[in-house]
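The values are calculated or read from the model by the stated rules, or taken from the named source; none is laboratory data. Nothing here was measured: the structure is a model prediction, and the numbers come from that model. Ligands, DNA and RNA are excluded from the accessible area calculation, which covers all protein heavy atoms including side chains. Shrake-Rupley method; radii C 1.70, N 1.55, O 1.52, S 1.80 Å.
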Amino acid sequence: MKIHQTEAAQMLTSEPLIHPSASIIHSRAGSFTSIGAANKIIESDIGDYSYTMDDVTMNYTEAGKYVSIASHVCINPVDHPMDRVTQHHMTYRCKSYGLAEEDDDSIFDWRRGRRVKIGHDVWIGHGAIIMKGVEIGIGAVVGAGAIVTKPVEPYTIVAGVPARPIRKRFSEDIIEKLLASAWWDWPRDVLEERFKDLNDVEGFLKKYG
């Protein structure tokens, strides 16, 4: 596993590029991925070519390929048990307070119960929050500062608090063809061969739609 030496861009490889200040627990990052400074990633899966900028929190999340996550994004913030007398974490992190010999693992299992799912080629803007159990479709955009509480359809731009659909990136016909192309699953040699076609939607669809 390679480590960032500076903040400058570095060559990515099949091994994830992880900033030394990032904390990654029981998680996986795919090929050509980059994890930024001061990230905290817990029990999550990050697909090939995806990246996070600085100060990203990601809990119990499945992120697809080519996902772009801006700084200060929080994905799947953890819940507290509101049905107890106190919401304080001493009731489940009991050992730290000397109140029991074992922690209450049922709370941690409860938190794992509803994972966030992020589709391929999703862009999540600065400071956005993706709430528990939300699914974000392929090609969607989450605006800066948005709080996403409901599912987001493919290729849809959402923004606001709570986040609401603003518009589609493309017409339904183009969206259908892009989804059918599944270009995000191209192997590396095909990606290299067809790379320039990714800049021209009309030309791309003529060839691969």
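For the chain, report the accessible area per residue in Å² (1.4 Å probe, heavy atoms, rounded to an integer).
Heavy-atom SASA per residue in the chain reads 56 Å².
How do F170, F108 rank by accessible surface area computed with a 1.4 Å probe, from largest to smallest?
So, going from the largest accessible area down, we get F170, F108.
Can you put Y92, Y208, Y51 in order of accessible area, largest first, using a 1.4 Å probe?
Y51, Y208, Y92
Run the 1.4 Å probe and let me know the accessible area of D109, rounded to the nearest 10 Å².
Approximately 90 Å² for this residue.
Largest first and in whole Å, what are the equivalent-ellipsoid semi-axes of the stretch 118-162 based on the Cα gyration tensor, each being the root of 5 times an eigenvalue?
Working through the eigenvalues yields semi-axes of 14, 11, 8 Å.
Run the accessible area of the chain with a 1.4 Å probe and give the carbon-and-sulfur part as a rounded percent.
Carbon and sulfur atoms account for 54 percent of the accessible area of the chain.
What is the pair-distance distribution P(r) of the stretch 119-209, computed from all Cα-Cα distances in 5 Å bins starting at 0, with each bin given as a whole percent?
P(r) over the stretch 119-209, rounded to whole percents: 3, 14, 22, 22, 14, 13, 9, 3, 0.
What is the Cα convex hull volume of the chain when expressed per residue in Å³?
Spelled out: Cα convex hull of the chain, divided by residues, is 137 Å³.
Working with all protein chains in place, sort Y60, Y97 by solvent-accessible area computed with a 1.4 Å probe, largest first.
Solvent-accessible surface, decreasing: Y97, Y60.
Might you work out the accessible area of D54 for me, using a 1.4 Å probe with all protein chains in place, and round it to the nearest 10 Å²?
Surface accessible to solvent at D54 totals approximately 50 Å².
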